[in-house]
Amino acid sequence: MYIRNRKYRSELQIFKDILEALAHSKNGTMCKTRIMYAANLNTESLSFYLKKLLNAGLIIKRNNGSRQTY
């Protein structure tokens, strides 16, 4: 059996990737899908990390009609 060496990002690196994506957005907000692509995460992981950032007060969630932005 062959096991590849994988480099996983730390939680801190993932937080950095999410926050950088938000900081570099046009108007400072992004929808979940855009953050997911920019931070290279799946939906389950993104939801987990967004909740942590929300609870820490580092980001806020806005409801713009039917869309949620961060």
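If the requirement is being in a helix (DSSP H, G or I) and of a type in the set (A, V, I, L, M), which of these qualifies: 22, 58?
Exactly one of 22, 58 is in a helix (DSSP H, G or I) and of a type in the set (A, V, I, L, M), namely 22.
Residue by residue through the range 61-70, note down the ones that are free of Cβ contacts under 8 Å to residues at least 12 places away in the same chain and within 19 Å of residue 17 (Cα to Cα).
61
Collect the residues in the range 30-60 that are without any contact (Cβ under 8 Å) to a residue 40 or more places away in the chain and touching a helix residue (DSSP H, G or I) at 6+ places or on another chain (Cβ under 6 Å), keeping them in residue-number order.
Correct list: 35, 36, 38, 39, 46, 49.
Is it true that residue 46 is open to solvent by less than 30 Å² (accessible area, probe 1.4 Å) and part of a helix (DSSP H, G or I)?
Yes: the conditions hold for residue 46.
Would you confirm whether any residue within the range 40-50 is touching an Asp or Glu at 6+ places or on another chain (Cβ under 9 Å) and hydrophobic (A, V, I, L, M, F, W, C)?
Yes, the range 40-50 contains a residue that is touching an Asp or Glu at 6+ places or on another chain (Cβ under 9 Å) and hydrophobic (A, V, I, L, M, F, W, C).
The values are calculated or read from the model by the stated rules, or taken from the named source; none is laboratory data. In this text the structure is predicted, and so the values were computed from the model without any measurement. Virtual Cβ from ideal backbone geometry, glycine too; neighbours counted across all protein chains shown. Remember, those area values only see protein heavy atoms, side chains included, never the ligands or the DNA or RNA. Shrake-Rupley method; radii C 1.70, N 1.55, O 1.52, S 1.80 Å.
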